[in-house]
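Here the structure is laid out as structure tokens; the discussion comes afterwards.
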Amino acid sequence: MSKPALLVTAADLAPQALALLQDFEIVYAGKTPQPADIVALARRHDPVAIIVRYGQVNAEAMDAAPSLKVISKHGSGIDTIDKVAAAARGIEVKAAVGANAAAVAEQAMALLLACAKSVVKLNDRMHHGHWDKATHKSVELAGRTVGVVGLGAIGRRFARIAAAMEMRVIGFDPFAKDLPDHVRPVDLATLWSEADVISLHCPLTEENRNLLNAQTLSQCKRGVIVVNTGRGGLIDEAALLAALESGQVGMAGLDAFAQEPTPANHPFFGHPQLVLSPHIGGVTSDAYVNMGIAAANNVLAVVGKAVAA
């Protein structure tokens, strides 16, 4: 009997994950799979499971694979999976919760430090022969207030790093329980008004899309630093640009964008108050292995016994 198919919406998977999935026929969708590519492969191979790294899995892809039992995210954010369609079809959706928490939290802090210390600007100036010691002033983060939106594994880890740097940490997450002592829970209105830094670590939902917009940014401290390593849709990008131009936002460090990859003419490019990275917060050699193993184990938790039988 041939092995059941497992579709990976990427061109590779960590060897440690593949070792767990040796009872499956692995089908790769390539480096940048489009929804139509995923549908076509699902129709051709009828996978029992899909591991999602890139691209979107929609209802059409699910209908193309009648044997599909589980969609497992190679990461923590499942907004690229149509969860409503999956539930209607009895397909489980699972995330690799916490597998990339260290990587993303570190990237968020790296972006914050780059903004507060003008790392990118000063590096560029130095390479062009300038010595700005007499004129430059950085932001000292110790004693400042950081507002963390989303207190799952990543947000909590970022909060712990910030607290270790003697920052005052406030946080908003209506679902979080048993918060550590160094995080003071607040409502969003309080977070906007008190935070010197806002760092976004929540999943994207229809309820929080454009959470940071012209209205909410106007409620923040003037010169606030914004960091987003969550999802691009959490920020109204036009409103953020306007706030940067007016000085309401001092700097922003972004690892997620409304459209990915970002178009070549994106207005963010070249902006002196923006530090950008291409959604690589969770892309480290360690996280690659951890997320692969977690995604594989989530598949096996649903279909492992059936495969073994």
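So that you can scan it fast, the table gives a plain yes or no per residue for (1) touching a residue at least 24 places away in the same chain (Cβ under 8 Å); (2) more than 19 Å from ALA102 (Cα to Cα):
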| position | (1), (2) |
| --- | --- |
| ILE170 | yes, yes |
| VAL183 | yes, no |
| THR190 | no, yes |
| ALA195 | yes, yes |
| ILE198 | yes, no |
| THR216 | yes, yes |
| ASN228 | yes, no |
| LEU234 | yes, yes |
| LEU241 | yes, yes |
Looking at (1) without any contact (Cβ under 8 Å) to a residue 40 or more places away in the chain; (2) buried (at least 18 other Cβ atoms within 10 Å of the Cβ); (3) not β-branched (Val, Ile, Thr), can you tell me which one TRP131 breaks?
-> (2)
Test result for PHE269, among the aromatic types (Phe, Trp, Tyr), over 27 Å from ALA101 (Cα atoms) and either assigned by TED's automatic domain parsing to the domain that holds ASP12 or free of Cβ contacts under 8 Å to residues at least 40 places away in the same chain (or both) | yes
Keeping to the range 95-131, report how many residues are more than 12 Å from the chain's Cα centre (by Cα) and polar (S, T, N, Q).
-> 2
Hits in the range 184-199 - residues which are touching a Phe, Trp or Tyr at 6+ places or on another chain (Cβ under 8 Å), of a type in the set (A, V, I, L, M) and part of a strand (DSSP E or B) = ILE198
When you scan the range 167-183, how many residues do you find that are part of a loop (DSSP other than H, G, I, E, B) and touching a Leu at 6+ places or on another chain (Cβ under 8 Å)?
-> 4
Test result for LEU122, more than 24 Å from PRO180 (Cβ to Cβ), surrounded by 14 or more Cβ atoms within 10 Å (Cβ to Cβ) and either assigned by TED's automatic domain parsing to the domain that holds HIS271 or not aromatic (Phe, Trp, Tyr) (or both) | yes
When residues of the range 120-156 are limited to those that are part of a helix (DSSP H, G or I) and hydrophobic (A, V, I, L, M, F, W, C), the one farthest from SER199 (Cα to Cα) | MET126
Cβ pairs under 6 Å, 6+ apart or interchain, first in the range 41-65 and within 18 Å of ILE78 (Cβ to Cβ), second among the basic types (Lys, Arg) and part of a strand (DSSP E or B), ordered by first then second residue, are VAL52/LYS73
Mind listing just one residue for me: the one in the range 141-186 that is of a type in the set (Asp, Glu) and over 20 Å from THR205 (Cα atoms) and, of those, nearest to the chain's Cα centre (by Cα)?
-> ASP178
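Just to be sure, is ALA159 surrounded by 22 or more Cβ atoms within 10 Å (Cβ to Cβ) and assigned to a helix (DSSP H, G or I)?
Yes: the conditions hold for ALA159.
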Using the structure shown, decide if ASN228 is of a type outside the set (Asp, Glu), within 20 Å of ALA105 (Cα to Cα) and not assigned by TED's automatic domain parsing to the domain that holds SER72.
-> yes
Sole exception among (1) out of contact with any strand residue (DSSP E or B) (no Cβ under 9 Å at 6 or more places or on another chain); (2) of a type outside the set (Val, Ile, Thr); (3) assigned by TED's automatic domain parsing to the domain that holds GLY155 for LEU244, by number | (1)
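The values are calculated or read from the model by the stated rules, or taken from the named source; none is laboratory data. The model shown is predicted, which means the values in this text are computed figures rather than measured ones. In this analysis, Cβ positions are derived from the backbone assuming ideal geometry, glycine residues included, and neighbour counts consider all displayed protein chains.
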